[in-house]
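The values are calculated or read from the model by the stated rules, or taken from the named source; none is laboratory data. Predicted model, so just to flag it, every value in this text is computed and none were measured. Here the Cβ positions follow ideal geometry from the backbone for every residue, glycine too, while neighbour counts run over all protein chains shown.
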Amino acid sequence: MQISDSISVIKGVGEKTAACFYKLGVESVKDLLEYYPATYDSFEEPVCMTEAFQRSGQIISVRGILVGKVFMKKVRNLTITTCKVRDESGAISLTFFNMPYVRNMIKEGQWYVFKGTLLPNGSGFKMEQPGVFNVLEYEKLVQSLQPRYHLTKGISNKTIAKCCRQVLDTLPVINDYLPDNLKAKYGLCSLKEAIWGIHFPTDEDELKRAATRLVFDEFLFFLCRLKIAQESENRENSCPMIPVADCRRLIEGLPFRLTEDQINVWNMIEADMSSDCIMNRLIQGDVGSGKTIIAILGLLMAVANGYQGAMMAPTEVLARQHYESIREITDRYGLPFRPVLLIGSLTAKNKREAKLGIEAGTYNLVIGTHALVQGDVKFDRLGLVVCDEQHKFGVNQRETLMNKGINPHVMVMSATPIPRTLAVVLYGNVQVCVIKTMPSERKPIKNAVVDVTYRPKAYEFILKQVRMGHQAYVICPLVEAGEMENVENAVDYARKLSGIFPEEVRVGLLHGQIKADKKEQVMSAFADRNIDVLVSTTVIEVGINVPNATVMLIENAERFGLAQLHQLRGRVGRGEALSYCIFINGNNKNKDNERLEILKKSNDGFEIAAEDLKLRGPGDLFGIRQSGEMNFRLADVFRDASILMMAKEASENIDITELGDKEKWERLLL
């Protein structure tokens, strides 16, 4: 077996299993080894019922035996299974949603261990969706760390773990591209030790060592790739521009006054675009701080100087929203924009006409998604590139778009509040400017940190808001059940809410495993008010603007970093109505409550990001792995800030020829 072999060479992986792996993006042995666990389950000794009753709202394990019958009932598309279990000291109820097979799983007269969150239930207690274990099976798991992977239908956690173990036992060697002196300098383990340790850690220390090495590699590859791009960058400016009266007239004509921060940032951008060098600016600012009007002013300056502008958004919905907004202000203020929308869902005829118009210069402002970087999109005189939520685009995508002009100016915008020290590391020679002051008309979001016992009240509040004509988001950390216990998943949660809410409440579902066109349809339906409650994973973090949404409910909030929670919260509070964010702590542990209280007290993203850096050290590896951010598999720029700094130092002093197989290293980078 070789690292480059197909996944199907693994014993037990037939055609059907291979197809399931493909859905997860795992096509080769290398892909499998890099399919890291999302989190790890730890198992404590089971407690008796009376001791459990003292720990309401916490995840616990209890031993019990079935009392009486297992009952099942159907509520629309929801199957609810209930039963009661007891030990010598007390009893609790169990509830399972869409798990009818539980009826045959729990046998009368046999003892089991049930692991889940204990909830009040009238005068007693209950568990919802607990893990069910054979007593002997559970004893083997006590004090161990068990990997839990993101799954898809047709493939289990056990299958992935078994395949990983087989590969690691079979592979003759895993080449390590880092030289020994580099590993010694930074205290890094070998690559093979890291891969073993990330999939099958014997304890937390081994897991930390493994994760540190793999995170270091991810940062090092990213920074070396960035270094290559910067070294090849041409700094001559072929887009000389001058300040224009159109920008001043637009500022004076707006129905609101720009904040002092907005004015300062615009003055910097105007000076950059008038200088002899290419502008390369990162604008950071919370949702609602007014970054978009600054981008429009920059695009207006480019267009008024006879150039074209391009604005790239991470989703079709957001691109369309930008397009409609710019068309509206073009008509209202008589601006010289001739905008066109270029997104994947356009008809072939409309795409062809748009591309011809862009190349001919008929359109001087192009708004779209990654469709803008396609090879057949040619510009006449591209002078400014604006990337919205730039960290959602790869380095190559941004470079491709920039290369469609002759050294155009570049403006990137992000609501991710990365502290300046990290921004300098991640973006190299990008000039960072910040909009901190929020417009005076922006209403602060009301925040609440609660435990799982608050859920019924939260549902009542959401229903009240929907009946007032508003909409709500519900965020779950996972896509489907089975990935890990006691963590909410979007698929089952959407079904559950459909059974709880009245039929007139329209519940939608969104997650990263849905096909791109379907994802856009769901986001459009929510934006058009055809969905009342949208259950989603963090895929909703950017890419949609729904001013009518007034409630954000985040399940298992303890599983996320503070900065990401703040980003999610930014999906509400965009309209005139007062908005609310409810953080549900699934663990109900004091340390998690204290951490989440920071969000309750502050709506300042930069203050929260600074606290995130203090609180989440590189050893804090038990949260849900975040996807999308900088395209990293494992690394997190906040949690792993100290490792990022190590990798930055290494990248500045590294010589590719030192790293063994130079050709292999370059392939990894490119």
- Note on the structure: Cβ pairs under 7 Å, 6+ apart or interchain, first in region 625-646 and assigned to a loop (DSSP other than H, G, I, E, B) and hydroxyl-bearing (Ser, Thr, Tyr), second at pLDDT 75 or above and surrounded by fewer than 18 Cβ atoms within 10 Å (Cβ to Cβ), ordered by first then second residue, are Ser627/Gly512
- Message: Where the second residue is modelled with pLDDT of 95 or more and the first is aromatic (Phe, Trp, Tyr) and lies in region 527-540, which pairs have Cβ atoms under 6 Å and are six or more apart or on separate chains?
- Response: none
- Task: Please find, among Leu188, Leu168, Leu214, the residue that is surrounded by fewer than 20 Cβ atoms within 10 Å (Cβ to Cβ), modelled with pLDDT of 90 or more and not assigned by TED's automatic domain parsing to the domain that holds Pro477.
- Result: Leu168
- Message: Take the residues in region 45-58 that are among the polar types (S, T, N, Q) and closer than 23 Å to Glu139 by Cβ; name whichever of them is surrounded by the fewest Cβ atoms within 10 Å (Cβ to Cβ).
- Response: Thr50
- Note on the structure: The residue from Arg467, Arg455 that alone is more than 23 Å from Val539 (Cα to Cα), modelled with pLDDT of 90 or more and in the same structural domain as Asn593 (by TED's automatic domain parsing) is Arg467
- Item | Selection within region 59-79 - touching a residue at least 40 places away in the same chain (Cβ under 8 Å) and surrounded by fewer than 18 Cβ atoms within 10 Å (Cβ to Cβ) | Ile65, Val75, Arg76, Asn77, Leu78
- Matching entry among Glu480, Glu558 (being modelled with pLDDT under 90 and assigned to a helix (DSSP H, G or I)): Glu558
- Kindly indicate which of Glu316, Glu359 is crowded, with 22+ Cβ neighbours inside 10 Å and either acidic (Asp, Glu) or without any contact (Cβ under 8 Å) to a residue 24 or more places away in the chain (or both). Glu316
- Filtering region 123-145 down to residues that are in a strand (DSSP E or B) and within 33 Å of the chain's Cα centre (by Cα), which residue is farthest from Asp87 (Cα to Cα)? Leu145
- Query: Limited to region 162-189, what total is found for residues that are closer than 20 Å to Ala211 by Cβ and out of contact with any helix residue (DSSP H, G or I) (no Cβ under 7 Å at 6 or more places or on another chain)?
  - Reply: 6
- Message: I'd like the full set of residues that are surrounded by 18 or more Cβ atoms within 10 Å (Cβ to Cβ) and in contact (Cβ under 8 Å) with a residue 24 or more places away in the chain, limited to region 330-354.
- Response: Leu335, Phe337, Pro339, Val340, Leu341, Leu342, Ile343
- Query: If we keep just the residues of region 104-125 that are among the hydroxyl-bearing types (Ser, Thr, Tyr) and surrounded by 13 or more Cβ atoms within 10 Å (Cβ to Cβ), which is nearest to Asp492 (Cα to Cα)?
  - Reply: Thr117
- Message: I'd like the full set of residues that are of a type in the set (Ser, Thr, Tyr), surrounded by fewer than 16 Cβ atoms within 10 Å (Cβ to Cβ) and closer than 16 Å to Phe125 by Cβ, limited to region 83-103.
- Response: Ser89
- Regarding Thr212, is this residue of a type in the set (Ser, Thr, Tyr), assigned to a helix (DSSP H, G or I) and closer than 27 Å to Glu649 by Cα? yes
- Message: Given the options His150, His199, name the one that is under 23 Å from Ala635 (Cα atoms), at pLDDT below 90, within 30 Å of the chain's Cα centre (by Cα) and buried (at least 16 other Cβ atoms within 10 Å of the Cβ).
- Response: His150
